């Protein structure tokens, strides 16, 4: 039972354009949603999070949007840079229970 | 503010041995979680400690154990090592859920190789 789904395994975007990474979830009880960036053989790097009481949170080039009725969230990266090329994971948490991770989307930013 | 630190960064052990990994969370973070990362299985949750108590546990055998000290530092131990335990072990520390911004930060990991 995959509670957090990232349906696009990969995404290619040109440098300077917007990258939009999507994530769907099934458990309406999730309280928090987090996005991570990961390079091979390294631990995930925390990017941004959002509480379920909000619908938008932004931090620099990163903005996360939450649509609770659709059980959908997205991460926007503007402008995209070659250094953004990595695997991006969304994760969700309910209360004190462990984070549930999606399987990731590989973003390639082409110069 | 210092990030999550893990020691050692690399370790080579032989089957049957035991190993202890250490994690120092971000100052002020009281929750520490441990994960195992392998190419085939991805990121798998081992356990989480909060205020020296194991609060959550993943689906791993009893050979995997952990503890947390009063200063929030945590250790995990793997006894009777098997070849399949070769992996990157990640520690993560987090703010207390319930605040506006729940954030969980990962350390660089300990690369364990079992031969």
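The values are calculated or read from the model by the stated rules, or taken from the named source; none is laboratory data. Only a predicted model underlies this, so the values are computations on that prediction, with no experimental measurement involved. Neighbour counts run over all protein chains shown; Cβ positions are idealised from the backbone, glycine included.
Within segment B:78-95, residues that are away from chain A (no Cβ under 14 Å) have Cβ atoms under 6 Å from residues that are part of a helix (DSSP H, G or I) in these pairs: B:78/B:85, counting only partners at least 6 apart in sequence or on another chain.
Screening A:52, A:80, A:69, A:85 for residues that are surrounded by 14 or more Cβ atoms within 10 Å (Cβ to Cβ) and over 14 Å from residue A:37 (Cα atoms) leaves exactly one candidate, A:52. Take residue A:57 and decide whether it is within 14 Å of chain B (Cβ to nearest Cβ) and in a loop (DSSP other than H, G, I, E, B). Against the criterion (within 14 Å of chain B (Cβ to nearest Cβ) and in a loop (DSSP other than H, G, I, E, B)), residue A:57 does not qualify. Here B:56, B:101 are screened, and the one residue that is under 25 Å from residue A:49 (Cα atoms), loosely packed, with under 15 Cβ neighbours inside 10 Å and within 11 Å of another protein chain (Cβ to nearest Cβ) is B:101. Among the numbered conditions (1) more than 10 Å from chain B (Cβ to nearest Cβ); (2) in a strand (DSSP E or B); (3) over 25 Å from residue B:90 (Cα atoms), the only one that residue A:75 does not meet is (3).
Spot the failing condition for residue B:72; the list is (1) surrounded by 15 or more Cβ atoms within 10 Å (Cβ to Cβ); (2) away from chain A (no Cβ under 11 Å); (3) in a strand (DSSP E or B), and only one is missed. Exception for residue B:72: condition (3). In segment B:87-102, the condition of being at pLDDT 90 or above and over 23 Å from residue A:47 (Cα atoms) is met by at least one residue.
Every condition in (1) within 13 Å of another protein chain (Cβ to nearest Cβ); (2) more than 12 Å from residue A:84 (Cβ to Cβ) holds for residue A:37 except the one numbered (2). Inside segment A:88-111, residues that are buried (at least 21 other Cβ atoms within 10 Å of the Cβ) and not in a strand (DSSP E or B) make up a count of 3. The condition (being under 19 Å from residue A:36 (Cβ atoms) and part of a strand (DSSP E or B)) is satisfied by just one residue among B:112, B:88: B:88. The residue of segment A:40-49 that is surrounded by the most Cβ atoms within 10 Å (Cβ to Cβ), among those that are assigned to a loop (DSSP other than H, G, I, E, B) and facing chain B (nearest Cβ under 8 Å), is A:44.
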